[in-house]
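**Student:** This is the structure, below, for whatever I ask next.
Where a number appears in this text, it was derived from the coordinates with a stated rule and is not lab data. These numbers were taken from a predicted model, which means no experiment stands behind them.
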Amino acid sequence: MTGRIVEAYIGEYASGKSESAINRALELARQGRKVNLVDLDLVEPFYTLRPLQKELSGLGLEVIAWKTEETLGLGEAGAVIKPAARWALRREGDIILDTGYGVEGARTLNLLAGAACDPDLKILAVINVSRPMTASVKDIVAEVSAMGRVDGLINNTHLAEETTVELVQAGARIVADAAAILDLPVVATLADTKLAEIIGPADCLGNQVRPLQRFMPKAFW
């Protein structure tokens, strides 16, 4: 078994970073690893992992997030980091961090104790080429550059139920071109489980394909 895995998922609105984080955490848990999934979304506190805690815990994850009843009625005061999340990097096992969207979401990582010096931490930007903020190579380079430290890109190009294999593969090419300019690796291409089966273990550029099971449509509260 490989060493400790610590990954933070950042990205623009509707990039699919939360879905990416959940599925990555479950992938690791299925390997028999102890996995902590940490909700750091202070940007959009009403569309987070909170409603999914019971389901995800039942699938073998240790979920660190506010409970819905703990923040009801608090307004903006409810959008603060949970103390257990602040110290998440000191927990035993793998750590998967789901941040809020955009530059402000990426900055949430600064609130974590030890984030600046954790040798295992990898910050991964999830890119959906179907979104206007990351629709072109130029857009992606500008957006990722504004987010501060980034260690790799993930292609998660999709249009929800209208996603096609061709769309995913086109996104892979655009993300790869942006990654080359940014001098960053492309960590993986993500696709809905059925599409991932069609594409196979690697995308058109040879990057690993990771299948996604959709959880976030159930996360509204």
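**Student:** Let me have the relative contact order for the chain, percent, based on Cα pairs under 8 Å that are six or more residues apart.
**Tutor:** 24 percent
**Student:** To two decimal places, what compactness ratio does the range 6-218 give when its Cα radius of gyration is scaled by 2.2 N^0.38 Å?
**Tutor:** Dividing the Cα radius of gyration by 2.2 N^0.38 Å gives 0.97.
**Student:** Can you return the lysines within cross-link range of Lys218? Criterion is Cα-Cα under 20 Å, with same-chain partners fewer than 8 residues away left out.
**Tutor:** Output for Lys218: Lys17, Lys54, Lys67, Lys194.
**Student:** Then there is this: Counting helices only, and only those DSSP H runs with n ≥ 4, report the 222 nm mean residue ellipticity of the chain as the sum of -39,500 (n - 2.57) divided by its residues, in deg cm²/dmol to the nearest 500.
**Tutor:** -8500 deg cm²/dmol
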